1. Considering only residues that are surrounded by 14 or more Cβ atoms within 10 Å (Cβ to Cβ) and part of a loop (DSSP other than H, G, I, E, B), look in region 49-74 and name the one that is nearest to the chain's Cα centre (by Cα).
2. Determine which member of the set 244, 280 is in a helix (DSSP H, G or I), touching an Asp or Glu at 6+ places or on another chain (Cβ under 7 Å) and either modelled with pLDDT of 95 or more or hydroxyl-bearing (Ser, Thr, Tyr) (or both).
3. Quick test of your reading of the structure: residue 366 fulfils all but one of (1) open to solvent by 90 Å² or more (accessible area, probe 1.4 Å); (2) more than 27 Å from residue 341 (Cα to Cα); (3) free of Cβ contacts under 8 Å to residues at least 12 places away in the same chain. Name the failing condition by number.
4. Report, by residue number, each residue of region 75-111 that is assigned to a helix (DSSP H, G or I) and among the aliphatic types (A, V, I, L, M).
5. Those residues that are in contact (Cβ under 8 Å) with a residue 40 or more places away in the chain, in a helix (DSSP H, G or I), touching a Cys at 6+ places or on another chain (Cβ under 8 Å) and open to solvent by less than 10 Å² (accessible area, probe 1.4 Å), I need them from region 172-221; list them, please.
6. Could you tell me which numbered condition residue 305 fails, if it satisfies all but one of (1) of a type in the set (Asp, Glu); (2) outside any helix (DSSP H, G or I); (3) modelled with pLDDT of 95 or more?
7. Just one of 377, 279, 358 is open to solvent by less than 20 Å² (accessible area, probe 1.4 Å), among the charged types (D, E, K, R), out of contact with any strand residue (DSSP E or B) (no Cβ under 7 Å at 6 or more places or on another chain) and within 29 Å of residue 401 (Cα to Cα); which is it?
8. Here is a list: 97, 134, 83. Which entry is open to solvent by less than 50 Å² (accessible area, probe 1.4 Å) and at pLDDT below 85?
Amino acid sequence: MATTLAHRMRPTCLNEVLGQKHIIGENALFTQFVKKKHPMSTILYGPPGCGKTTLASALANDLHIPYRLFNASTGNKKEMDIIIEEAKMSGELFVIIDEIHRLNKDKQDHLLPHIENGLIIIAGCTTANPYHSINPAIRSRCQIIEVKPLNQEDIIKGLHLALNSPNGLNNEYQVEEGVFQYIAQLSSGDIRYAYNCLEVASILAQDSLITLNTIKQSLPKANVQFDKDEDQYYDTLSGLQKSIRGSDPNGAMYYLGKLIEANDLESLERRVITTAYEDIGLANPNACMRTVIAFQAAKTIGFPEARIPIASAIIDLCLSPKSKSSETAIDAALESLKTHPYPAPSYLRLTPVGLEEDERYNYNRPELWEYIQYLPDAIKNEQFYIPWMTSSYEKALAENYRRILKHGRTNQMKKLNQKSKNIYSRF
């Protein structure tokens, strides 16, 4: 039976895989799995056509261990039982799980103990962000690895291989200069898309010559918007975020239109909600909330109508005041932790030991809470949060912040607990 060019060109070992040097380069994780013959369960996530399943099967081949494919969308519990029994008979089995984010709870519970004890090693493949879409029980047992879109050089290299390989077009066609570059620019890092373009062009070619015009005839509409004069896929997402940050609704609508043409609601949702909380944040928390609700509506109604609530949310974000104070605050705290990893003061601990009752945190005195010192003594005066005075909302927060900083905080819990309920004095 005839197979597609993309299928025929699929690598069978890690050395044949294009790109992904962070996974298969010298001393990278998969390379060490093979070198030390010690694989672990992994979750591979990335956009379509970047080689997730190919990487998993190539790893299994290089390890010389049997592997099975299981699709989380269509596979049933009976198929999983067969896989588990086979693993018990062989002592170890490598299982590639496509669309692992769709693995329901029953299948997860059935699989988890066998992943835990190493009887089954999985390579879960997904286009979804595993930190958002995969059950923590599965996630905690796996190494999370991002599989990145291929760059143009890798795509061009793959096209040359397909043109010359006996498994590909076997040198039966001539290709006009610029064709491979054009395909690579339009492929958005998707090698499968690139191979499909080349295969269709070979069918349309006259006199075994593939020209630029032939390629333009063969391109599906879904990727046409990413042409040679425009940004690639992830640059388009970046252009959208920067347009929102720069308060340009026209630029945002342009990049949104390109992404809608690509029918990529999932990436849009992740990027736009991140942008809302990163760049608008405390300047307009209601806009952040409205953005989440807009994407809930978009997922309910689907494209093409989904474009309407998404566009409304993005224009709202564009013209909203901006504040990065939340991001700056948590980043400053994380930076401090690198050199100041102190424990919480004893009176804040869940079960304080060796403290008298009046030296402990008092759950029944809410009027005292803003007077308590929460940071460890060594960094008690650190201020990670610096307000952005760009909106009336954050100005109100900043005013309350100034009031609290003015009266100060104390770690003298006994003295604080003895204060009357009418507490306004400074400590």
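1. Ranking the qualifying residues of region 49-74, first place goes to 50.
2. It is 244.
3. Condition (1) is where residue 366 drops out.
4. 80, 82, 83, 84, 87, 89, 100, 111
5. Across region 172-221, the qualifying residue is only 186.
6. Single failed check for residue 305: (3).
7. 279
8. That would be 134, the only listed residue that is open to solvent by less than 50 Å² (accessible area, probe 1.4 Å) and at pLDDT below 85.
The values are calculated or read from the model by the stated rules, or taken from the named source; none is laboratory data. On a predicted model such as this, the values are computed, not experimentally measured, just so you know. Neighbour counts are summed over all protein chains in view; Cβ atoms, including those assigned to glycine, are modelled from backbone coordinates with ideal geometry. All accessible areas refer to the heavy atoms of the entire protein, side chains included, with ligands and DNA or RNA removed. Shrake-Rupley method; radii C 1.70, N 1.55, O 1.52, S 1.80 Å.
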